[in-house]
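Beneath this line is the structure, given in structure tokens, with notes to follow.
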Amino acid sequence: MSGHSPPTPMTSHRCGPLSGRADVPGDKSISHRSLILGALCVGETVITGLLEGEDVLDTAKAMRAFGAEVTCDPEGMWHVRGVGVGGFAEPSQVVDCGNSGTGVRLIMGAMATSPITATFTGDDSLNKRPMERITDPLTLFGARAVGRTGGRLPMTIVGATSPVPVRYEVPVPSAQVKSAVLFAGLNAPGQTIVVEREATRDHTERMLAGFGADITSEETSEGRIITLTGQPELTPQSIVVPRDPSSAAFPVCAALIVPGSDVLVPNIGLNPTRAGLFTTLREMGADLTYENMREEGGEPVADLRARFSPDLVGVEVPPERAASMIDEYPVLSVVAAFARGETVMRGVKELRVKESDRIDAMAEGLRAGGVEVEDGPDWWIVTGLGHGNVPGGQICVSHLDHRIAMSFIVMGMATNEPVSVDDASPIATSFPIFEGLMARLGADIRRS
Ligand code: S3P
């Protein structure tokens, strides 16, 4: 939320073996989409396993501002009584999406083809992030957007009164852009078509189909072509949110670098559009196995078992894998520091426009901890020192970025000297139970 929580400095000390079971929270991407799609149905959607992180709670609040009834029952199940496609009410206040790029971008899409006006804002991180990637396609539907210089929040979207469907080729690999266009297309008559050259996470397509929309996806030489027929009547659903592979990344990577560790991270979705980190770690020689492989709700799911891996080696991550692990590069760079040789990451310029410039933020903290990092506009290379040789001892700046904070806390579990972050409070946006969960596995994390 844009009213800042007080900074929470945190220090991670080298620890003994991590062991046990890590029940990570629900998937952030699917949680946002569950609330928004629930709000776009007439009737009640019930959600089990919703991530109750600040980002998603801000989206719940926003859905209430647009007229949906959103409640949580004593058993922790969430209920959304929606208003139907095209039924959004006009919020009476500015909609504050806190730290969440996914929240604000998807909601802008969902309201842009209704005849209402809404003003959006966020925290200092979100208000720096580019929104033109969203407003460019939304104006094609007939919406108007007025924001700060450079297309930044706070920004007002005037929804289209007579929306037209669009064909849009997504210029950057972004599931948020794709999803905003599809959500806008819901209230435009006729077919909205999205073309994506590089496949990004496909939760929106899968969930729209699950809610009863007429949506098809076709792989062609141009890329993936997604066609949505507008103005469907969506049917409320009962949703079980799978656990988040992007959160699972933290206990998994910690187990790989802390001697003697053996950690089980159950029920993790291995949708190929999300699982790139795990493939990369295995290529680096990680002792990471998939147990109890199964299908749940049409998605591959497994229990991940990660054990200490003393002989990790650097790899070149194929650029075409970037979209499937875009949120995991920060913690991968930490594992790379404990591997031998170079880990080369190319085709990742999107990392520069996340909650922070994640290449700069990680490079700065890794260098301060004795690790060599080279970087350019869309690439970076971490030269690993091998297990037992990473000095640490630095204080890192988290830049209001949850994944930067968690990555450095993981690093400190295996460096020779402790690693501190100036502010760990952003962790609550996506993984509010991180500190307790890691401590139960055996991490030595102190508030300092
Ligand atoms: C997300 C898409 C990704 C990712 C973000 C969640 C989503 O962003 O980084 O954390 O839920 O659609 P981009 O679409 O900007 O790559």
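Given the options A254, T135, P173, identify the residue whose Cα lies farthest towards the positive end of the charge dipole of the chain (+1 on Cβ of Lys, Arg; -1 on Cβ of Asp, Glu).
Of the candidates, T135 comes out farthest on the positive side.
With point charges of +1 on the Cβ of Lys and Arg and -1 on the Cβ of Asp and Glu, referenced to the Cα centre of segment 28-231, which listed residue (M108, G43, C72) lies farthest in the positive direction of the dipole?
Result: M108.
Using unit Cβ charges (K, R positive; D, E negative) and no other charged atoms, how large, in debye to the nearest 20, is the dipole of the chain about its Cα centre?
Working: 38 positive and 56 negative charges, 85 e Å.
Dipole of the chain, to the nearest 20 debye: 400 debye.
Determine the order of E295, E350, E132 by accessible area, beginning with the largest, at a probe radius of 1.4 Å.
Order by accessible area, largest first: E295, E132, E350.
Could you sort W78, W379 by their accessible area in this structure, using a 1.4 Å probe and putting the largest first? Intermediate results must be reported in sequence, preceding the final value.
On the way: W78 20, W379 65 Å².
These residues rank, largest area first, as W379, W78.
Using only protein heavy atoms and a 1.4 Å probe, report how much of V83 is accessible, in Å² to the nearest 10.
For V83, solvent-accessible area is about 50 Å².
Calculate, in nm to one decimal, what R447 and T216 gain on full extension: separation in residues at 0.36 nm each, minus their alpha carbon distance.
Details: separation 231, 0.36 × 231 = 83.16 nm, distance 4.91 nm.
This chain segment gains 78.2 nm when fully extended.
Would you work out which of P300, P432, A118 lies farthest towards the positive end of the dipole of the chain? Charges go on Cβ: Lys and Arg +1, Asp and Glu -1.
Result: A118.
Contact order normalised by length for the chain, with contacts defined as Cα pairs under 8 Å and 6 or more residues apart; what percent is it? Write out the running numbers ahead of the final one.
Numbers: 1183 pairs, mean separation 88.0, N = 448.
The normalised contact order for the chain reaches 20 percent.
Considering the chain as a Gaussian network with a 10 Å cut-off on Cα pairs, which listed residue, M406, M293, M108, attains the greatest mean-square fluctuation?
So, out of M406, M293, M108, the one fluctuating most is M293.
Rounded to the nearest whole Å², what accessible area per residue is found for the chain with the 1.4 Å probe? It would help to have the intermediate numbers written out before the result.
Details: 15560 Å² over 448 residues.
Per residue, the chain has an accessible area of 35 Å².
Are there any GluC sites (Glu not before Pro) in segment 48-92 that are in a DSSP loop and have at most 13 other Cβ atoms within 10 Å? List them by number.
Filter output for segment 48-92: E75.
Under a Cβ-only charge scheme (Lys and Arg +1, Asp and Glu -1), can you give me the dipole magnitude of segment 28-231 about the Cα centre, in debye to the nearest 20? Write out the running numbers ahead of the final one.
Working: 18 positive and 23 negative charges, 98 e Å.
For segment 28-231, the charge dipole is close to 480 debye.
Under a point spin-label approximation (7 Å from Cα along Cα-to-Cβ), what is the A439-E291 distance to one decimal in nm?
The answer from the label model is 2.6 nm.
Tell me, what ³J(HN,Hα) does each residue in segment 213-220 have, in order and in whole Hz, if you take phi through Karplus 6.51 cos²θ - 1.76 cosθ + 1.60 with θ = phi - 60° and put x for Gly and Pro?
After applying 6.51 cos²θ - 1.76 cosθ + 1.60, I find 6, 8, 9, 10, 9, 9, 8, 9 Hz.
What share of the DSSP beta bridges in the chain is antiparallel, in percent to the nearest 5?
Antiparallel: roughly 75 percent of the beta bridges in the chain.
How big is the accessible area of C253 in square angstrom, nearest 10, if you roll a 1.4 angstrom probe over the protein chains?
0 Å²
Tell me the relative contact order for segment 28-231 as a rounded percent, counting alpha carbon contacts under 8 Å between residues six or more apart.
Details: 460 pairs, mean separation 33.2, N = 204.
Relative CO of segment 28-231 lands at 16 percent.
Run lengths n ≥ 4 of DSSP H only: what is the helix-derived mean residue ellipticity at 222 nm for the chain, with -39500 (n - 2.57) per run over all residues, to the nearest 500? Walk me through the numbers on the way to the answer.
On the way: 12 runs with 124 residues, N = 448.
It comes out at -8000 deg cm²/dmol, rounded to the nearest 500.
May I ask you to give the percent of accessible area on the chain that is carbon plus sulfur, with a probe radius of 1.4 Å?
Answer for the chain is 50 percent, counting heavy atoms of protein chains only.
The values are calculated or read from the model by the stated rules, or taken from the named source; none is laboratory data. Keep in mind that this is a model prediction, so the values were computed, not measured. Positions of Cβ are backbone-derived with ideal geometry, glycine not excepted, and every protein chain shown enters the neighbour counts. Areas reflect the complete protein model, heavy atoms only, side chains present, ligands, DNA and RNA absent. Shrake-Rupley method; radii C 1.70, N 1.55, O 1.52, S 1.80 Å.
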